[in-house]
2 protein chains.
Amino acid sequence: MLDAAEAVVVEHGAVRLTLDAVAREAGVSKGGVMYHFPSKNALLEALVARAIERSHAAREAQLGKLPGAPGSALHAYVRASINDPLHNDRVSSALLSVVASDPKLMSPVREFFAQRLPAISEGVPFDRAALVHLATEGLWLMELFRVSPFNKTQRSRIKQLLATLAAEGGTVP
Amino acid sequence: MLDAAEAVVVEHGAVRLTLDAVAREAGVSKGGVMYHFPSKNALLEALVARAIERSHAAREAQLGKLPGAPGSALHAYVRASINDPLHNDRVSSALLSVVASDPKLMSPVREFFAQRLPAISEGVPFDRAALVHLATEGLWLMELFRVSPFNKTQRSRIKQLLATLAAEGGTVP
DNA sequence: ATTACTGTACCGTCTGGTCGGCATAGAAAA
DNA sequence: TTTTCTATGCCGACCAGACGGTACAGTAAT
């Protein structure tokens, strides 16, 4: 059911995320959807929760591949965010614009961000963590909204730069 | 008329930007609104155009206050973005989530970003321009969506850091 | 027969958009 | 000066469609 909802979101955008559309995509009737989710907001909450969980999992996965040096949490975060646009990214991006207009739906997202900051800042000077975090998030958000002015070459150079900064800091020319 | 639309957007969010609401806010009837804007999209286009123009103007204003050293364009951009949330910011933020779902409405925004990058990169190494740009945009977008995990103290420190990096580069610890 | 679920039909509301008409101000005509 | 015409700006009633949500009958498995 959630898969169907995500498919709708990815294909037609979150504005078109209607109960009928989800039902059609899932091969059931609207009554069927309403049986599982008492309201549309409940469906959105579930989608948000899943997107958050997946982001978390992606970061953990990257963390597992890195040695436990200080700053590896930040590095893992960057690598998880930077990878080629995943399915989850497209879901998140489309969801964000709808969820943003409802504070109640946003609060888990806010909490996610609030908890992530200390996690990725571990063992790293504040300036570096903040800068890398913001730049990574900026890149992510700009690609989400498809307003990134960078071409492919520039993007990969930026990713390299972010990875280096995350891992060991450095000088900005 | 546009002022009324912006007022609605700022007060109730862009999802509530309905022709009736604009009419009510402007003290006219819906017919009156439709007289000036043939469709809702036309209204949105005008709002987007105005928001873009204001962002542009804010950057130019900052640029005028700075000496013409290389990198001053980047510095001016950072200062314009970093200032306390203006009216335009609130309009932009609310608009973004609605406009994002319509590629046709997004294209002027994309163009704006595409033209801004070379403008602010002038006379500055790519790495610095990209990093500062992304971090600034990340900060702006995260505050827009109210997901910024930074407190007031951290925010002002970040702003200081961004301004310094924009003006003269530096070392990230 | 009970449970767990599905499908159909329907309702109320909201929204963008249409349409014909009204008022007023000024130009043109008398 | 008075009358007629016209363009502008706006009003109010209405429509069609979409949407979230409800009610209820039906069904298949246990």
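Worth pointing out:
- Globularity ratio of the range B:22-151, using Cα Rg and 2.2 N^0.38 Å: 1.21
- Inter-copy label distances at residue A:15, shortest first and taken from points set 7 Å along Cα to Cβ: 1.4 nm.
- Estimated FRET transfer efficiency when R0 is 22 angstrom, pair residue A:11-residue A:39 (beta carbons, to 0.05): 0.45
- Relative contact order of the range B:52-167: 38 percent, from C-alpha pairs under 8 Å at least 6 residues apart in sequence.
- On the rotation that sends chain B to chain A, the chain B Cβ lying closest to the axis gives residue and distance in whole Å as B:138, 1.
- Placing a label point 7 Å from the Cα of residue B:117 along the Cα-to-Cβ direction, the distances to the matching points in the other copies come to 2.8 nm, shortest first.
- Here residue B:104 is the anchor, and the lysines within straight C-alpha reach of less than 21 Å, apart from those fewer than 8 places off in the same chain, are B:40.
- Among the GluC sites (Glu not before Pro) within the range A:117-173, those in coil by DSSP and having at most 13 neighbouring Cβ atoms inside 10 Å are A:122.
- Prolate/oblate/rounded label for the protein assembly as shown (Cα gyration tensor, a/c 1.5): oblate
- Eligible lysines near residue A:65 by straight Cα distance, threshold 23 Å, same-chain separation 8 or greater: A:159
- FRET efficiency for the pair residue A:107 and residue B:66, taken as 1/(1 + (r/R0)^6) with r the Cβ-Cβ distance and R0 = 45 Å, rounds to 0.70.
- Other protein chain Cβ atoms within 10 Å, averaged over every residue that makes up B:96-103: 6
Here, each number is a calculation from the coordinates, and none is a lab measurement. Worth saying up front: this structure is predicted, and the values here are computed from it rather than measured. Quick reminder, even Gly has a Cβ in these numbers, built from the backbone with ideal geometry, and neighbours come from all protein chains shown.
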